[in-house]
Amino acid sequence: PPPPPPPAPPPPPPPPPPAAVVGNGACGVDGTCSGHGRCSQGEGGAAACSCESGYAGTDCSLSCPGLTADGIFCGGAGSCTAQGQCVCDQGRWGATCEWECPGGQLNACHGHGVCGVEGLCRCSAGWTGAACRRMIGALGLAVQRRLSGSWLGSSASVPANWQLSTAVQRAGIGATGGSDGLEALEALEAGSVPSPVVAPQAAQLRFDTDNGNIQLRLGALVASGTFYLWHPADEGAAGGLADSPAFLDLVLTRGGLRGTLKGRVFSTPDGKAVVILSPAGGARPSSSFALPPSPP
């Protein structure tokens, strides 16, 4: 009989593992990708982790923000970057996409703007307001042009229930002719009932009308954010620049003063502006205000 066939050769040894499987390399300690991924060879033969959903980082050691036991992250309304940060879907914002933009997720900024990373709407041309629901027309644009740039002056804090004395109402707060804002505020202070508890102090407002940004300085207090300005007459209300104020909202997100300050802007005949603001979170101030008399 013929001799038996020779035994089959042993199988070849398995290929060596990726270079980073062992040790503290690209795939983490012992190549486990922190227990949340798979280590494999990528382009050029280098080892790399493929992370499970909800984990990020080169070694899958980062949990995506808001990760739950059910595997939901970024509130179910965003994607997770390789650096473990949320990129929110349209209409959501926040570190874990937990907040809806003004107007709601399905109608962010009411279709008239873009919601930014701080949840503030950047409105399209012709629209303004925190949710881009206010129309801005010729009068609002005129006030914006007047305010554009840096304004230096003075500010005074008055009680919530303040009112002007009859004498000051007759003469107008700018009875000095508007040549000195501090003198005008001192007249306001003297004519307010009850009297303010804080003396007038230096103030600066800088309006960037191209981007809707506001920088504010009241004495030693500094803050910045976004502003929205409109004139009610552009929406059909009675009045004009000479006899009715524009509305102003300052949404301050950085610095020593934060929150929404609601106000009114009075345009004076000599080209100046008087801005009355509420405390953060307060109601819009009353519109009863004596403008300076027209110059002779």
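The values are calculated or read from the model by the stated rules, or taken from the named source; none is laboratory data. Keep in mind the model is a prediction, meaning the values are calculated, not measured. Every residue, glycine among them, receives a Cβ derived from its backbone with ideal geometry; neighbour counts consider all protein chains shown. Please note that ligands, DNA and RNA were not included when accessible areas were found on the heavy atoms of the full protein model with its side chains. Shrake-Rupley method; radii C 1.70, N 1.55, O 1.52, S 1.80 Å.
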Looking at region 239-266 only, could you name the residues that are at pLDDT 75 or above, more than 27 Å from the chain's Cα centre (by Cα) and on the phi < 0 side of the Ramachandran plot?
240, 241, 244
Within region 98-108, the residues that are open to solvent by 40 Å² or more (accessible area, probe 1.4 Å) and of a type in the set (A, V, I, L, M) are 106
Scan of region 251-275 for residues that are in contact (Cβ under 8 Å) with a residue 24 or more places away in the chain, in a strand (DSSP E or B), open to solvent by less than 60 Å² (accessible area, probe 1.4 Å) and not hydroxyl-bearing (Ser, Thr, Tyr), ordered by number
251, 252, 255, 264, 265, 266, 273, 274, 275
Taking the options 95, 82, 47, 69, name whichever one is free of Cβ contacts under 8 Å to residues at least 60 places away in the same chain, open to solvent by less than 40 Å² (accessible area, probe 1.4 Å) and out of contact with any helix residue (DSSP H, G or I) (no Cβ under 8 Å at 6 or more places or on another chain).
47
Restricting to region 227-250, and then to whatever is part of a strand (DSSP E or B) and open to solvent by less than 20 Å² (accessible area, probe 1.4 Å), can you tell me which residue is farthest from residue 279 (Cα to Cα)?
230
Can you tell me which of 224, 278 is at pLDDT below 90, open to solvent by less than 40 Å² (accessible area, probe 1.4 Å), closer than 30 Å to residue 94 by Cβ and in contact with a Gly (Cβ under 8 Å, 6 or more places away or on another chain)?
278
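Residue-by-condition table, conditions (1) part of a loop (DSSP other than H, G, I, E, B); (2) closer than 21 Å to residue 94 by Cβ; (3) modelled with pLDDT of 85 or more:
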{"site": "110", "(1), (2), (3)": "no, yes, yes"}
{"site": "122", "(1), (2), (3)": "no, yes, yes"}
{"site": "125", "(1), (2), (3)": "yes, no, yes"}
{"site": "130", "(1), (2), (3)": "yes, yes, yes"}
{"site": "145", "(1), (2), (3)": "no, no, yes"}
{"site": "149", "(1), (2), (3)": "no, no, yes"}
Among the residues of region 34-64, write down those that are in contact with a Gly (Cβ under 7 Å, 6 or more places away or on another chain) and in a loop (DSSP other than H, G, I, E, B).
52, 53, 54, 57, 59, 60, 61, 64
Does residue 283 fit the bill of being more than 14 Å from residue 151 (Cβ to Cβ), among the hydrophobic types (A, V, I, L, M, F, W, C) and modelled with pLDDT under 90?
yes
Go through (1) farther than 23 Å from residue 285 by Cβ; (2) at pLDDT below 90; (3) part of a helix (DSSP H, G or I) for residue 190 and report which single condition fails.
(1)
Inspect region 109-131 for any residue being within 16 Å of residue 208 (Cα to Cα), without any contact (Cβ under 8 Å) to a residue 40 or more places away in the chain and surrounded by fewer than 16 Cβ atoms within 10 Å (Cβ to Cβ) and give the result as yes or no.
yes
Here are 29, 21: which of them is at pLDDT below 80, open to solvent by 40 Å² or more (accessible area, probe 1.4 Å) and closer than 30 Å to residue 69 by Cα?
29
For region 172-179, check the following and say yes or no: at least one residue is open to solvent by 40 Å² or more (accessible area, probe 1.4 Å), at pLDDT below 60 and β-branched (Val, Ile, Thr).
yes
Kindly check whether there is at least one residue in region 193-208 that is of a type outside the set (A, V, I, L, M), buried (at least 20 other Cβ atoms within 10 Å of the Cβ) and modelled with pLDDT under 90.
yes
